[in-house]
Amino acid sequence: RWFRSSDGFLIVAGKDAATNERLVKRYAEPGDLLLHTELPGAPFVLVKAGGREISERALLEAAEIAASYSRAWKYGLGAATVLCFKPEQARKIGPHGEKLPKGTFYISGSKKRIKDVRLNLAIGLFRRGDGQFELIIGPVKAISSKTDTYVIIKPGDTRADELLKRALEVFEGKEGHIELSKADIERVKALVPYGRGAIAMS
């Protein structure tokens, strides 16, 4: 799962123990930042520096990803605390010398706590250069920087397919009839956390 912040930083989120492991051990480099919620069972989220200093804006948008794909969404929480740290702080050996299981890391040293991160994502309708529409999903500010046609989703009980159907109704109310490929709809449906949510606003 990958996204772009509103100012162009690449944000990548793991989706299971194996991808968390690869994300931290293989793809995180000095200068990058990692995020994880205080709740267990959450993805590691990597912000790639790309030779730049990571902005506070990108960090907050990455925190939104970390919170939204954590169990906090499944539990229906409105906000979560997200920890931010450097890749070199993530270690496979625990504080008592124990080896940690796949996808699990001990974070040494001080960590930045980002409190009260809202569990929100946006699904947007983006018009490409060729005039065709495609669906995009990601941090709210990242999506709103690309299109004025979007809905915000939050934790809820509506299945992802019904959620997408309602979002498309909102989009067609603004844009008229929209042709989207089944693959495009399925791709975004798969990115709805835990396959359920609710539309917060349009």
Count charges around G31 for me, please; just the other residues with Cβ under 11 Å from its Cβ, Lys/Arg as +1, Asp/Glu as -1.
-> -1
Cα centre as origin, Lys/Arg/Asp/Glu Cβ charges: the chain dipole, Debye = 660
Burial order of peptide ranges 75-81, 94-100, 45-51 (average beta-carbon count within 10 Å, highest first) = 45-51, 75-81, 94-100
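Roll a 1.4 angstrom probe over the protein heavy atoms and tell me the percent of accessible area of the chain that is carbon or sulfur.
Roughly 49 percent, rounded to a whole number.
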Across 10 Å bins from 0, what is the distribution of all Cα-Cα pair distances for segment 14-56, in whole percents?
-> 29, 50, 20, 1
Would you mind getting me the FRET efficiency between R26 and I107? Use the beta-carbon distance for r and R0 = 22 Å, nearest 0.05.
-> 0.80
Using Cα positions and a limit of under 24 Å, work out the lysines in reach of K182, with same-chain residues fewer than 8 apart set aside.
-> K15, K146, K154, K165, K174
Using alpha carbon centroids, what distance separates segment 32-55 and segment 57-108, in Å?
-> 8
Where a Cα-Cα gap under 19 Å defines reach, which lysines qualify for K111, not counting those fewer than 8 residues away within the same chain?
-> K25, K48, K86, K92
Cut-off 11 Å between beta-carbons: net charge of the residues surrounding L83, Lys and Arg +1, Asp and Glu -1 | +3
Fully extended contour minus Cα-Cα distance, from R91 to D184, at 0.36 nm per residue | 29.7 nm
Just need the relative contact order of the chain here, percent rounded to a whole number, with Cα pairs under 8 Å and 6+ apart.
-> 19
State the dimensionless ratio Rg/Rh of segment 46-193 (Rg: radius of gyration of Cα atoms; Rh: Kirkwood radius).
-> 1.05
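The values are calculated or read from the model by the stated rules, or taken from the named source; none is laboratory data. Given the structure is predicted, the values throughout are model-derived calculations rather than measurements. With ideal geometry, Cβ positions are generated from the backbone for all residues, glycine too; neighbour counts draw on all protein chains shown. Side chains included, ligands, DNA and RNA excluded: accessible areas come from the protein's heavy atoms. Shrake-Rupley method; radii C 1.70, N 1.55, O 1.52, S 1.80 Å.
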